[in-house]
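The values are calculated or read from the model by the stated rules, or taken from the named source; none is laboratory data. All values derive from a computational prediction rather than experimental measurement. As a convention, Cβ positions derive from the backbone with ideal geometry for all residues, glycine included, and neighbour counts pool all protein chains shown. Surface accessibility is based on the protein's heavy atoms, side chains included, excluding ligands, DNA and RNA. Shrake-Rupley method; radii C 1.70, N 1.55, O 1.52, S 1.80 Å.
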Amino acid sequence: KEEGVPLAYSNLALTFRLPKGFNILPQLQYEYTRSAVSFAKLEMEKSIFKKGFFNISFEKDFKNRQNIFGLGFRYNFSFMQTSVATRRSKTMATTTEVARGSILYDNKSDYLGFSNQNNVGKGGLIVEAFLDLNDNGKKDKGEPAAPGLKLKVSGGRVVRNDRDTTVRVTGLDPYTSYYVELNKNSFDNIAWQISKPVIKVTIDPNHFTYIAVPVSILGEIQGTVYLQDKNKTEGLGRMI
């Protein structure tokens, strides 16, 4: 608020991608209470080191009648995002250093991981496929994992863990229902089939929802085929 009047404004931001890793990012803010433009900003960014970004900016603050120059660098590690930036105006200079990321833990699957995205307030999924040997739809003791499961979710970030054959989805919006589409042709063994290829799940905040996917063995034939004539018997390979 300003002098008892609610502040109402709109932001307009664009990104123009140029060759050799350059980006131009213009931004404009219009304030309805004053019926005027509050500030205009132009930023240029250059990608370096694949995961690093150098940027320089100029901002015109019409409301306070000052110009602001900025210079910064950010680098995205696999487990954390870091940045350092300096802003200089007519009256002061400021320097900021930022490091952010998330620690993810699930006690059911004994998973501990790190992410360079902010997952506070978000939710996630842990999907594990297993061979349902007794075909009861539940994971019982001794039933092995079924590696190779592929899935689609309309949102979040899908990470496959080949070590424990699980699939994790992070960064999902809480209290939102998602449809998890399981690929029925994920497995090398044609006899392994998924009976329910689509699962609907509602996400809880700051929580991993565990989904066990039963994989049924629908049919299997094993044996040897021989061709026999008067003099010899030969095995026949490459049978389908």
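Asp164: acidic (Asp, Glu), modelled with pLDDT under 90 and in a loop (DSSP other than H, G, I, E, B), yes or no? Let's see the steps before the verdict.
Values: acidic (Asp, Glu): yes; modelled with pLDDT under 90: yes; in a loop (DSSP other than H, G, I, E, B): yes.
Yes.
Scanning the range 14-68 for residues that are basic (Lys, Arg) and under 26 Å from Thr91 (Cα atoms) turns up Arg34, Lys41, Lys60, Lys63, Arg65.
Only one of the listed residues (Thr86, Thr91, Thr170) is touching a residue at least 12 places away in the same chain (Cβ under 8 Å), touching a Leu at 6+ places or on another chain (Cβ under 7 Å) and more than 25 Å from Val198 (Cβ to Cβ). That residue is Thr86. For Ser177, the conditions (1) open to solvent by 70 Å² or more (accessible area, probe 1.4 Å); (2) within 19 Å of the chain's Cα centre (by Cα); (3) more than 19 Å from Asp106 (Cβ to Cβ) all hold with the exception of (1). Here the condition is being within 30 Å of Ser216 (Cα to Cα) and over 16 Å from the mean Cα position of the chain (by Cα); of Asn55, Asn67, Asn136, it holds for Asn136 alone. Report, by residue number, each residue of the range 197-240 that is open to solvent by less than 60 Å² (accessible area, probe 1.4 Å), hydrophobic (A, V, I, L, M, F, W, C), more than 17 Å from Phe187 (Cα to Cα) and outside any loop (DSSP other than H, G, I, E, B). Passing the criteria: Ile199, Val201, Phe208, Ile211. Residues of the range 108-163 that are farther than 19 Å from Ser78 by Cβ and among the charged types (D, E, K, R): Lys108, Asp110, Glu128, Asp132, Asp135, Lys138, Lys139, Asp140, Lys141, Glu143, Lys150, Lys152.
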